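Asks: One structure, pasted below without further comment.
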Amino acid sequence: MRDDASKHGAKPTVNAPMLKALSTAAPGDDFDGCLAIAKEAGWTRLELDLRQHALTNRRGEAIQGFPSFAVRGGIALNLQSQGFEIASVVVDVDDASGASLDLLKRDVQQAFDIRPQWIVVAFRDETMPPLAELPHARDALRRIGDLAVEKGFTLCLETQPPWCGHYREMAATIACLDHPAWKLNFDTGRYQLYNFESVGEVALLKILGLVGSLRITDLDISDHNAGADWVPPAVPRFAPLGQGGCLDLGRLRQILDAVAFAGGWSLSFSAQSTVEFGTALEHSTRALRAAGFFDPPPPQGYSP
């Protein structure tokens, strides 16, 4: 169905394409080798995952302690010099204490220099009370949001407990923040990780207006015994798209098209070797193409 403008011969308004990126958490044992494969396959935009666990896995070397942003920013500059664009940055923070939020403010300020389209913020502490019970944290996050508004950036809270593990928590947290810079990063596989019996696409529909960025992952449940209680693994594995059993890519694209979703999206999966990475990227790219993720966006007013 087309809008009235097209009926009268006027050219329909075309939505801007969604910005896609490949998460740097995906590459296996040879980080540079994997990114060379990604670049050859046309993935030149990256989601730079600067969380401690993501940095620890690079090249199989453990980085002692949490590196300073100068070190992490150097990674970004090196990638940019290789012809990659940093579409988004993922940073993490211990908890909602004043000291932790001061560090988050510093990291967000310094991340501006990389000039990503959006910044994802992940909290490691899954035992924090609701944000509504932490007025000091709410106010500190609003001040960080003010900085993002000045610079023209979007801040997105990661999909994880306790503030964003379920769509109701997500809605409550964003309502409590009540700030234009703060949105959600909806990770399809991580949502399934914490809500195994639910349908992730239905959850996304309920809070889509609050979502600033999307990470497309497919939770690997191949080791799960059907009928047994689901226990989220400490280190979840994400399969190549379409092979995990928890993601309907066609339905996901239909949902995004229906509201002309204007946020960016990233792809991530688990890979332990360069060969595994190349195979997973090929399968995932093929699945995304089949679902229409590389097609031009539909005209404004289009209803699938």
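Asks: Once amide H atoms are built 1.01 Å from N in the peptide plane, which residues 5 or more positions from THR154, or in another chain, come under 5 Å H to H?
Replies: It is ILE119, by chain and number.
Asks: Cβ under 14 Å from GLN82's Cβ, GLN82 left aside: what net charge do those residues give with Lys, Arg +1 and Asp, Glu -1?
Replies: Working: positive: LYS39, ARG45; negative: ASP32, GLU40, GLU85.
Neighbourhood net charge equals -1.
Asks: Could you derive backbone 3J(HN,Hα) for the stretch 239-252 from the dihedral phi with the Karplus parameters 6.51, -1.76 and 1.60 (θ = phi - 60°), listing whole Hz in sequence and x where the residue is Gly or Pro?
Replies: Here the 3J(HN,Hα) series is 7, x, 4, x, 10, x, x, 10, 9, 10, 5, x, 5, 4 Hz.
Asks: By per-residue mean of other Cβ atoms within 10 Å, what is the highest-first order of 229-235, 87-93? Working shown, then result.
Replies: Working: 229-235: 9.4, 87-93: 24.4.
Highest mean packing first, the order is 87-93, 229-235.
Asks: Of all accessible surface on the stretch 176-260 at a 1.4 Å probe, what whole percent is carbon and sulfur? List each step's numbers first, then the result.
Replies: Numbers: 1900 of 3760 Å².
Here it works out to 51 percent.
Asks: Past the 16 angstrom mark, what percentage of all C-alpha to C-alpha distances in the stretch 225-267 do you count? Don't skip to the answer; put the middle values down first.
Replies: Details: 525 of 903 pairs.
Of all Cα-Cα distances in the stretch 225-267, 58 percent exceed 16 Å.
Asks: Something else: Among 156-169, 192-205, how do they line up by average Cβ neighbours within 10 Å per residue, starting with the highest?
Replies: Values: 156-169: 21.6, 192-205: 17.2.
Order by mean packing, descending: 156-169, 192-205.
Asks: If packing is taken as the average number of other Cβ atoms within 10 Å across a peptide's residues, how do 77-86, 138-147 rank, most packed first?
Replies: Working: 77-86: 14.1, 138-147: 17.1.
By packing density, highest mean first, the sequence is 138-147, 77-86.
Asks: Got a sec? Charge dipole of the stretch 79-172, +1 on Cβ for Lys and Arg, -1 for Asp and Glu; which of ALA148, LEU104, LEU131 is way out at the positive end?
Replies: It is ALA148, whose Cα lies furthest towards the positive end.
Asks: Could you tell me whether the stretch 170-304 comes out rounded, prolate or oblate from its Cα gyration tensor? Rule is a ≥ b ≥ c as square roots of the eigenvalues, rounded for a/c under 1.5, then prolate if a/b exceeds b/c, otherwise oblate. Each step should come with its number before you reach the end.
Replies: Values: a/c = 1.80, a/b = 1.23, b/c = 1.47.
Because a/c hits 1.5 or more and a/b fails to exceed b/c, the stretch 170-304 counts as oblate.
Asks: Show me, for the stretch 271-278, the HN-Hα J-couplings you get by feeding each phi into the Karplus relation (A = 6.51, B = -1.76, C = 1.60, θ = phi - 60°), rounded to Hz, glycine and proline as x.
Replies: 8, 9, 8, 5, 4, 4, 4, x
Asks: Based on the alpha-carbon gyration tensor of the stretch 114-197 and its eigenvalue square roots a ≥ b ≥ c, which shape applies: rounded if a/c is under 1.5, prolate if not and a/b is larger than b/c, or oblate?
Replies: Details: a/c = 2.17, a/b = 1.33, b/c = 1.63.
Verdict is oblate for the stretch 114-197.
Asks: Pull up all non-local amide H partners of TRP265: gap of 5 or more, or a different chain, and H-to-H distance under 5 Å with H placed in the peptide plane.
Replies: LEU19, LYS20, ALA21, LEU214
Asks: To continue, here is another question. Among the listed pairs LYS105/LYS151; LYS20/LYS105; LYS20/LYS151; LYS20/LYS183; LYS105/LYS206; LYS105/LYS183, which have their C-alpha atoms separated by more than 24 angstrom in this model? Provide the component values of the computation, followed by the final result.
Replies: On the way: LYS105/LYS151 13 Å; LYS20/LYS105 26 Å; LYS20/LYS151 21 Å; LYS20/LYS183 18 Å; LYS105/LYS206 30 Å; LYS105/LYS183 16 Å.
Beyond 24 Å between Cα atoms: LYS20/LYS105; LYS105/LYS206.
Asks: Could you go through the stretch 76-88 in sequence order and give the Karplus-derived ³J(HN,Hα) for each residue, using 6.51 cos²θ - 1.76 cosθ + 1.60 with θ = phi - 60°, rounded to whole Hz, and x for Gly and Pro?
Replies: Residue by residue, the stretch 76-88 yields 4, 5, 5, 5, 5, 5, 8, x, 9, 9, 8, 6, 8 Hz.
The values are calculated or read from the model by the stated rules, or taken from the named source; none is laboratory data. All values derive from a computational prediction rather than experimental measurement. Every residue, glycine as well, gets a Cβ built from its backbone with ideal geometry; the counts of neighbours run over all protein chains shown. When the accessible area is computed, the model is the full protein with side chains, heavy atoms only, and any ligands, DNA or RNA have been set aside. Shrake-Rupley method; radii C 1.70, N 1.55, O 1.52, S 1.80 Å.
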